[in-house]
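Below: the structure, in structure tokens.
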Amino acid sequence: MDEVDESKRATLKRFGAIGAVSPFARFAGDNDDDGQDRSDRREAIVGYLATTPGAHFSKLRDDLKLGTGEAQHHLRRLESDGSVESEKDGDYRRYFPSGRFSAFEKRALGYLRRETARKLVLALLSNPDATGGDLAAELGVSRPTVSRYVGELESAGLLSREDGYELVAPERLLVLVVRYADSFGSETVAFAADASDLLSYDPTS
């Protein structure tokens, strides 16, 4: 039990350091029954979402080693005080730092947190001329699976099929991929390492 508690404290402390300096952290420091400042948990959630925006409830709860009720309580408080906002995404509710992302970016982050959809986006960022067959081979899935995810991305406004498979605002998608690569896993980190070759837009224009 002590090992579990120490692991939880270390996790909360790690993300809390990020949350403590976040401009979105403006919650009160009331105390839990065990004497630990509740703001530690809320700072950890804010810090976690700063590095993992678009995480759904279960992932946030498990990564921060919180109980279900505990996570629900603190997220409600954070939404109430305007530090955090959430969006329904199918069966999931995804959480974001308040005021930081556009509606397009929230949808994009939601799909980037789905493994097959993310791989499809990465494949099209690398090869915008890829066909359905190319994508199926690249992802190691069937053509119907590619069609299903392409349809979902199109419905979300992230992809157009007017002329092949064309990502909408690919530069913005690429920035999200690179900025939050660590939260998507090693494959995305490797992709991001070479992404400078793909990033050709001027962010000041």
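If we sort 145-151, 117-123 on the protection proxy, mean other Cβ atoms within 10 Å, highest first, what's the order? Walk me through the numbers before you get to the answer.
Values: 145-151: 17.0, 117-123: 22.1.
So the peptides 145-151, 117-123, ranked by packing, come out 117-123, 145-151.
Which net charge results for the neighbourhood of ALA108, defined as the other residues with beta-carbon distances under 14 angstrom from its beta-carbon, given Lys and Arg at +1 and Asp and Glu at -1?
Once positives and negatives cancel, what remains is +3.
Under 19 Å from a label point 7 Å along Cα→Cβ of ASP194: give me every residue in the range 114-135 with its amide N that close.
Residues 118-131, 134-135 fall inside that zone.
Once the Cβ-Cβ distance between GLU171 and GLU115 is put in as r, and R0 is 30 Å, what FRET efficiency do you end up with, to the nearest 0.05? The partial results should precede the final answer.
Values: r = 23 Å, r/R0 = 0.76.
So the FRET efficiency works out to roughly 0.85.
Order 101-111, 57-67, 124-134 from most to least packed using the mean count of other Cβ atoms within 10 Å.
101-111, 57-67, 124-134
Obtain the nm distance between the two label points defined at ASP134 and ALA103 by a simple spin-label model: each point lies 7 Å from its Cα along the Cα-to-C-beta direction.
If labels sit at ASP134 and ALA103, their model points lie 3.2 nm apart.
Each reported figure results from applying straightforward, stated rules to the coordinates on display, with no laboratory input. Computed from a predicted structure; not experimentally measured. No Cβ is skipped: glycine too gets one built from the backbone with ideal geometry, and neighbour counts run over all protein chains shown.
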